[in-house]
1. I'm trying to understand the selection: among the residues of segment 153-191, which are within 15 Å of the chain's Cα centre (by Cα) and polar (S, T, N, Q)?
2. Only residues that are basic (K, R) and farther than 14 Å from A176 by Cβ: list them for segment 19-43, please.
3. Report whether or not N120 is at pLDDT below 95 and surrounded by fewer than 17 Cβ atoms within 10 Å (Cβ to Cβ).
4. Might you let me know whether segment 130-148 holds any residue that is in a loop (DSSP other than H, G, I, E, B) and closer than 23 Å to F81 by Cβ?
5. Looking at E145, E175, can you tell me which residue is more than 21 Å from N32 (Cα to Cα), of a type in the set (D, E) and surrounded by fewer than 19 Cβ atoms within 10 Å (Cβ to Cβ)?
6. Considering segment 118-129 alone, what residues qualify as being in contact (Cβ under 8 Å) with a residue 12 or more places away in the chain and in a helix (DSSP H, G or I)?
7. Can you find a residue in segment 31-47 that is in contact with a strand residue (DSSP E or B) (Cβ under 6 Å, 6 or more places away or on another chain) and of a type outside the set (D, E, K, R)?
Amino acid sequence: MKLLMIVGPSAVGKMTVGKHISRKTGLKLFHNHMSIDLVHHFFDFGTAPFRKLDEVIRFSIFETVASSDLPGLIFTVVPDFDDPEDKEYIERIRGIFHSVGGTSVIAELSAPLEVRLKRNVLPDRLQEKPLKRNLALSEKILRNEFEHHRTSTQDGEFQGDDFLRLETSDLSAEEAADQIIEYFQLEVLNK
């Protein structure tokens, strides 16, 4: 059982890269908006009931997948690395997979704000993430995140073979996926 977490700021390409990895490896993709958009039907984003229900859904999925016969899971998330709760959240998720003898790795994607603003309006993103379809609000949230949250790691924050940082400005999603697959030696279907 393997957990691949793809972390990084909004609109950096986590979901798109995750789709390519999923297609090539057979690992199931759970991008963060799968639960966000579901819970948003009931509660406003960021409210206490929203956070509670989102966490229940996510951790139920993590626990069920970890104890299943699936080969693993790809999960995308936008952490604030200055927030100790976000770091603890990542470790809680990893702990679920480690508790069943699995492994976990983290791929961090990064790109400058200008690149992410262009990616923020791509059709695949808007199709998969209904909350992003209000483009003015989506851009405002992206800019606010950039100004007020540290969504990228600092040198040395994560170390070892279970962490990879990729600057994706000049990489296609498929190229980024291939680099992640190669670095973490993920098994590819139909070699």
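1. T153, T168
2. The answer is K28, and nothing else.
3. So N120 does not fit the description; no.
4. Filtering segment 130-148 down to residues in a loop (DSSP other than H, G, I, E, B) leaves 133-134.
Okay, now just the ones that are also closer than 23 Å to F81 by Cβ, so none.
Taking every residue of segment 130-148 in turn, none turns out to be in a loop (DSSP other than H, G, I, E, B) and closer than 23 Å to F81 by Cβ.
5. None of the other options fit; the residue is E175.
6. Once the filter is applied, which keeps residues that are in contact (Cβ under 8 Å) with a residue 12 or more places away in the chain and in a helix (DSSP H, G or I), segment 118-129 yields R119, D124, R125, E128.
7. Scanning segment 31-47, I find at least one residue that is in contact with a strand residue (DSSP E or B) (Cβ under 6 Å, 6 or more places away or on another chain) and of a type outside the set (D, E, K, R), so the answer is yes.
So that you can scan it fast, the table gives a plain yes or no per residue for (1) more than 17 Å from the chain's Cα centre (by Cα); (2) among the hydrophobic types (A, V, I, L, M, F, W, C); (3) surrounded by fewer than 12 Cβ atoms within 10 Å (Cβ to Cβ):
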site: F81; (1), (2), (3): no, yes, no
site: Y89; (1), (2), (3): no, no, no
site: A107; (1), (2), (3): no, yes, no
site: L113; (1), (2), (3): yes, yes, no
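The values are calculated or read from the model by the stated rules, or taken from the named source; none is laboratory data. Keep in mind the model is a prediction, meaning the values are calculated, not measured. Glycine also receives a Cβ, built like all others from the backbone with ideal geometry; neighbour counts cover every protein chain displayed.
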